[in-house]
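The values are calculated or read from the model by the stated rules, or taken from the named source; none is laboratory data. Please read all numbers here as calculations on a predicted model, not as lab measurements. Every residue, glycine among them, receives a Cβ derived from its backbone with ideal geometry; neighbour counts consider all protein chains shown. Heavy atoms of the whole protein, side chains included, go into the accessibility calculation; ligands, DNA and RNA do not. Shrake-Rupley method; radii C 1.70, N 1.55, O 1.52, S 1.80 Å.
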Amino acid sequence: MRITKKGVFKVLIVLLLVLIISITTINIGNNFYVSTFSEENKSEMEIRLNNVVKKYVEKSKFSGSVLVAQGDRIILNEGYGYAKRYLGRTKNTPDTKYVLASMTKSFTASAVMQLQERKMLSLEDKVTKYYPEYKGWEDVTIHNLLNHTSGIENYYESVIDHIRYFIAHNTPEKIISRFKDRPLLCKPGTDFNYSNTNYMILSAIIEKVSGDKYIDYLNKSIFTPSGLVNTGYEEDTSEVDNIAKGYCLNMIVEVTGFDLSNFYGAGGLYSSTEDLYRFFRNLDEKKLLNDTSKVKTNWGYHYGYGMMLNNDKKLGKVYFITGGGPGISTGMYKLVDKNMIIVILSNNQGFYKDEMVADLYDTVNS
């Protein structure tokens, strides 16, 4: 086989690109600890909390922003790692925005509860009141949608579903219509089956009842009254200023190209640590997680209306909601016994948050 000079040149270019990418990856990978934190004028507690997060940056490649508050005081709110690791490299900061994934459900549930208080809907309304053509859902109520006891299938489970919903543009109605003639997984109210489809239906009901687009209703009724300036929704996150790119596979592969119209009120919002702190402080979590909303299954899953509850031996009563997805790992936690709120927003898909929450709790209370 004859190799031309042009062919050799192409091979050299490819090898050069591979070398550049490899060197860039190694350099970024070895520089684990990057932070907005400075010890100047910081208290001993702030330094200790930062050292806890630093350990996770170095050990687990944590990348993101962390807020720790007790009572009315924010003790720590800092960024770690990179919001953009490659082109236009940018550090994470306290104001960096992150896609929330399933943490969005707390906002959607709060909107539904507001509409109930305004007597614009009832939690006992049947879905067929809003979608009369969905005869198979005649026993499904808004209550069942909120706490995942509807029996309606999750709209993405398989690899094909993931490809379909991460790339193509969709609407809640388009996603919901796939399940019009599907049998329910259980009789409504008898079992827990986590399903994002429930919250896509709720998004559509919010729009039908309020007469506003989902995000317009949230802007008017939740974001603005609560002073949330870094929270919103865009189908294409590349249009959002100061938003973190997501990463997976040991923080090497940048996740890009998926369309948030596929997640909408089930997982499409973005926010920052301080916005979430304000939201959680103003939130009456007991309304979202009470005796009628809470689900108890035979494996002990406690899920209310976009909120979960754990009675932990060490941490005490913890109200929380987490999210995960392509390049996303998020969570906000209210530790009731110590009057603490912890918000962790990570753009490293593989980061496990619970251990960091426990260590931050120990540090504040030691």
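So here's what we get for this one:
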| item | result |
| --- | --- |
| Those residues of region 231-254 which are modelled with pLDDT under 90 and open to solvent by less than 30 Å² (accessible area, probe 1.4 Å), in sequence order | M251 |
| Of all residues making up region 262-271, the number that are part of a helix (DSSP H, G or I) and open to solvent by 10 Å² or more (accessible area, probe 1.4 Å) | 1 |
| Residue among L228, L289 that alone is within 17 Å of the chain's Cα centre (by Cα), buried (at least 16 other Cβ atoms within 10 Å of the Cβ) and without any contact (Cβ under 8 Å) to a residue 60 or more places away in the chain | L228 |
| Qualifying position, being in a strand (DSSP E or B), of a type outside the set (F, W, Y) and out of contact with any Leu (no Cβ under 6 Å at 6 or more places or on another chain), among E234, E274, E254 | E254 |
| Residue match in region 175-188 (condition: out of contact with any helix residue (DSSP H, G or I) (no Cβ under 9 Å at 6 or more places or on another chain) and closer than 19 Å to Y214 by Cα) | yes |
| Test: residue in region 150-159 that is polar (S, T, N, Q), under 20 Å from Y305 (Cα atoms) and touching an Asp or Glu at 6+ places or on another chain (Cβ under 8 Å) | no |
| Tally, over region 166-189, of residues that are over 14 Å from A266 (Cβ atoms), surrounded by fewer than 20 Cβ atoms within 10 Å (Cβ to Cβ) and not charged (D, E, K, R) | 9 |
| Number of the exception - M45 against (1) outside any helix (DSSP H, G or I); (2) open to solvent by 20 Å² or more (accessible area, probe 1.4 Å) | (1) |
| Residues of region 277-286 satisfying the condition of being open to solvent by less than 50 Å² (accessible area, probe 1.4 Å) and not hydrophobic (A, V, I, L, M, F, W, C) | Y277, E285 |
| Hits in region 292-313 - residues which are open to solvent by less than 10 Å² (accessible area, probe 1.4 Å) and assigned to a loop (DSSP other than H, G, I, E, B) | S293, G304, Y305, G306, M307 |
| Output for region 190-221, where each listed residue is open to solvent by less than 10 Å² (accessible area, probe 1.4 Å), of a type in the set (V, I, T) and touching a Leu at 6+ places or on another chain (Cβ under 8 Å) | I201, I205, I206 |
| Hey, F62 assigned to a loop (DSSP other than H, G, I, E, B) and crowded, with 23+ Cβ neighbours inside 10 Å or not | yes |
| Condition broken by R118, with the remaining ones in (1) free of Cβ contacts under 8 Å to residues at least 40 places away in the same chain; (2) open to solvent by less than 40 Å² (accessible area, probe 1.4 Å); (3) not aliphatic (A, V, I, L, M) satisfied | (2) |
| Yes/no for I163 being among the β-branched types (V, I, T), farther than 17 Å from A109 by Cα and either under 19 Å from the mean Cα position of the chain (by Cα) or surrounded by 21 or more Cβ atoms within 10 Å (Cβ to Cβ) (or both) | no |
| Subset of region 327-366 that is basic (K, R) and open to solvent by less than 60 Å² (accessible area, probe 1.4 Å) - its residue that is farthest from the chain's Cα centre (by Cα) | K334 |
| Region 88-110, residues that are of a type in the set (V, I, T), open to solvent by less than 20 Å² (accessible area, probe 1.4 Å) and farther than 20 Å from Y217 by Cα | T96 |
| Positions within region 327-348 being touching a residue at least 24 places away in the same chain (Cβ under 8 Å) and not in a strand (DSSP E or B), in sequence order | G327, K338, N339, N347 |
| Matching residues in region 85-129 - criterion: being hydroxyl-bearing (S, T, Y), farther than 14 Å from N144 by Cβ, modelled with pLDDT of 95 or more and in a loop (DSSP other than H, G, I, E, B) | T93, T96 |
| Identity of the residue in region 315-326, among the β-branched types (V, I, T) and closer than 21 Å to N196 by Cα, that ends up surrounded by the most Cβ atoms within 10 Å (Cβ to Cβ) | I321 |
